[in-house]
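Contents: one structure, followed by commentary.
The values are calculated or read from the model by the stated rules, or taken from the named source; none is laboratory data. Since this is a predicted model, take the numbers as computed values, not measurements. Cβ: placed from backbone, ideal geometry, glycine included. Neighbour counts: every protein chain shown. SASA here: full protein model, heavy atoms, side chains in, ligands and nucleic acids out. Shrake-Rupley method; radii C 1.70, N 1.55, O 1.52, S 1.80 Å.
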Amino acid sequence: MLSTDIRKHFPILDQEINGHPLVYLDSAATSQKPRQVIEAISNYYGLDNSNVHRGVHTLGNRATEGYEGAREKVRNFINAKSTEEIIFMRGTTTALNTVAQSYGRANVGEGDEIVITYMEHHSNIIPWQQLAKEKGAVLKYVDLEEDGTLSLEKVREVITDRTKIVSIMYVSNVLGTMNPIKEIAEIAHAHGAVMVVDGAQAAPHLKIDVQKLDCDFFAFSGHKMCGPTGIGVLYGKKELLTNMEPIEFGGEMIDFVGLYESTWKELPWKFEGGTPIIAGAIGLGAAIDFLEEIGLDNIERHEHELAKYAMERMSEIDGLSIYGPLDPEKRAGLVTFNLNDVHPHDVATVLDMHGIAVRAGHHCAQPLMKWLDVSSTARASFYIYNTEADVDRLVDGLRIAKEYFADVY
Amino acid sequence: MSTNKLDQLYRSVIMDHYKNPRNKGVIEESSITIDMNNPTCGDVIHLTLQIDDGIVQNAKFEGDGCSISMASASMMTQIVKGKKVDEALKAASVFSDMMLGKGVDDSIDLGDIEALAGVSKFPARIKCATLAWKAMEKGVGNDSEQ
């Protein structure tokens, strides 16, 4: 377990909600921000704010150094070969849409296949649905095992020589499942397809090595890993990005503009049209420093341990069902559940009245809800600042909810 | 303290409507069918209305959702049945005011829906309560355009 001292870095945690100390268990939706990140953003606006890549003046240089320095931090964080492969974007959704609209439009034709799975988040479903409709391509789903994991046999059955894109989440935001991305990438490559990874739930929690995974694209968001909202990253292999067209045109991304023809900047800037998300990137850089100081391996271990403890404690409650793999080693730090027939909204409201924040709903994964045969679920998700005491509070809250609705449901 | 606030939301009359929903089902020969869902949480309602001579003769619903959304649907069908279309729409507007925490026009008999007034203090749950009413407004509105 990580030291509870980490909590001191998060000013938001030091408050009462509805008369109880806050227990924040919704980090899979968005994480809280440490003071270091808040200050990095505040210092940027307070001391260095200027546009990047154009100022001859000192502030312009500082802003550019901060922005490009953050890119190097991201490169190192995911072990990319070069900063040319690191493109700043609004978040995972924009990154996946960019791959679909740029790489996808150029490389997917009629009758070609795009392969995803039943556990995907809407942002890794709809860009491919739209692309498949536009191109007359076929969108194929890999079915899940009973415990909510993926089997490589099923992946092999679905991917064929007509498959051009395989796009799969690294860690499920509902089941907590950690998928064998490296092995799936090998299968995809053997059929000449590219491997796209939705890393939104992975980057905050485990060491990412895009070279080891050998994925072609990797997308993630800053706000789930202690960074601000509005910043995310698209990693792509240089040889692929080089041949891809931008999907946004305008300032910042151009080299030469004529009346009827223009040319683009080098990588990565050709994909960063408009004034970039400077403060966001600097905040993300500070978040990376913060996480690396704790150590990604320590973070991963902390979450496994918390998930294990939570699953043990929650199993004590009669009528509580947990979704996803029951082996805590196979899952990241979140537990999705339902309490008897009590609707998850009602559960979440009772917990909120006791200061405990959980998510209730379909978690942007309607096809997965259908697969689970539920209309919605509740989810408790953990991060570095959560403790066993938080899990105990959750369990107490769930018992109260169960009793409160005992004669209703 | 927390439980008191919870009791303002989960009044016993709401729980009664949830457990024993009124007008549950489908009108086979309905003049109007509306399906509506709440995209952020997955609540769904299938509402059928029988409107003749400008009067809501019958209203039934089926759905899947939390106690607040299903109880509100039950109360809504109860209150609009037998009402003129414009009265049903008026009730919807009174209900909407109630959800916004505004003072309520007491010239209309609100019946059980008064129990839902506490929902206005739970902003995240207002959309649960309004789903069925929005479905009704849409259905009645479509009918009056015909």
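Structure notes:
- Filter result for residue B:102 (within 14 Å of chain A (Cβ to nearest Cβ), open to solvent by 10 Å² or more (accessible area, probe 1.4 Å), at pLDDT below 90 and more than 25 Å from residue A:364 (Cα to Cα)): no
- Positions within the stretch A:353-367 being more than 8 Å from every other protein chain (Cβ to nearest Cβ) and of a type outside the set (A, V, I, L, M, F, W, C), in sequence order: A:355, A:359, A:363, A:367
- Positions within the stretch A:397-409 being within 12 Å of another protein chain (Cβ to nearest Cβ) and open to solvent by 10 Å² or more (accessible area, probe 1.4 Å), in sequence order: A:400, A:403, A:404, A:406, A:407, A:408, A:409
- Residue identified as within 14 Å of residue B:135 (Cβ to Cβ), open to solvent by less than 10 Å² (accessible area, probe 1.4 Å), out of contact with any Cys (no Cβ under 6 Å at 6 or more places or on another chain) and within 14 Å of another protein chain (Cβ to nearest Cβ) among B:59, B:88, B:92, B:73: B:73
- Only a single item in (1) within 14 Å of chain B (Cβ to nearest Cβ); (2) touching a residue at least 12 places away in the same chain (Cβ under 8 Å); (3) over 30 Å from residue A:90 (Cα atoms) is not met by residue A:349, and it is number (2).
- In the stretch A:218-226 there is no residue matching the filter, namely being surrounded by fewer than 22 Cβ atoms within 10 Å (Cβ to Cβ), touching a Phe, Trp or Tyr at 6+ places or on another chain (Cβ under 9 Å) and over 19 Å from residue A:127 (Cβ atoms).
Matching residues to (1) part of a loop (DSSP other than H, G, I, E, B); (2) open to solvent by 10 Å² or more (accessible area, probe 1.4 Å); (3) in contact with a helix residue (DSSP H, G or I) (Cβ under 7 Å, 6 or more places away or on another chain); (4) modelled with pLDDT under 95:
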site: A:197; (1), (2), (3), (4): no, no, yes, no
site: A:234; (1), (2), (3), (4): no, no, yes, no
site: A:260; (1), (2), (3), (4): yes, yes, no, no
site: A:270; (1), (2), (3), (4): no, yes, no, no
site: A:290; (1), (2), (3), (4): no, yes, yes, no
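Okay, residues lined up against (1) acidic (Asp, Glu); (2) under 22 Å from residue A:137 (Cβ atoms); (3) at pLDDT 95 or above:
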position	(1), (2), (3)
A:183	yes, no, yes
A:193	no, yes, yes
A:211	no, no, yes
A:214	yes, no, yes
A:244	no, yes, yes
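- Subset of the stretch A:11-31 (residues that are away from chain B (no Cβ under 14 Å) and surrounded by 21 or more Cβ atoms within 10 Å (Cβ to Cβ)): A:24, A:25, A:27, A:28, A:31
- Any hit, the stretch A:236-245, residues being open to solvent by 10 Å² or more (accessible area, probe 1.4 Å), in a loop (DSSP other than H, G, I, E, B), without any contact (Cβ under 8 Å) to a residue 24 or more places away in the chain and basic (Lys, Arg): no
- Cβ pairs under 9 Å, 6+ apart, first in the stretch A:205-224 and closer than 15 Å to residue A:178 by Cα and free of Cβ contacts under 8 Å to residues at least 12 places away in the same chain, second in a strand (DSSP E or B) and aromatic (Phe, Trp, Tyr): none
- Filter result (touching a Lys or Arg at 6+ places or on another chain (Cβ under 9 Å), among the aliphatic types (A, V, I, L, M) and within 12 Å of another protein chain (Cβ to nearest Cβ)) within the stretch B:4-39: B:9
- Residue within the stretch A:315-332 that is touching a Gly at 6+ places or on another chain (Cβ under 9 Å), part of a strand (DSSP E or B) and open to solvent by 20 Å² or more (accessible area, probe 1.4 Å) present: yes
- Test result for residue A:255, within 19 Å of the chain's Cα centre (by Cα) and either modelled with pLDDT of 95 or more or loosely packed, with under 14 Cβ neighbours inside 10 Å (or both): no
- Residues of the stretch B:42-56 that are at pLDDT below 95, within 14 Å of another protein chain (Cβ to nearest Cβ) and either touching a Lys or Arg at 6+ places or on another chain (Cβ under 7 Å) or crowded, with 24+ Cβ neighbours inside 10 Å (or both): B:43 alone.
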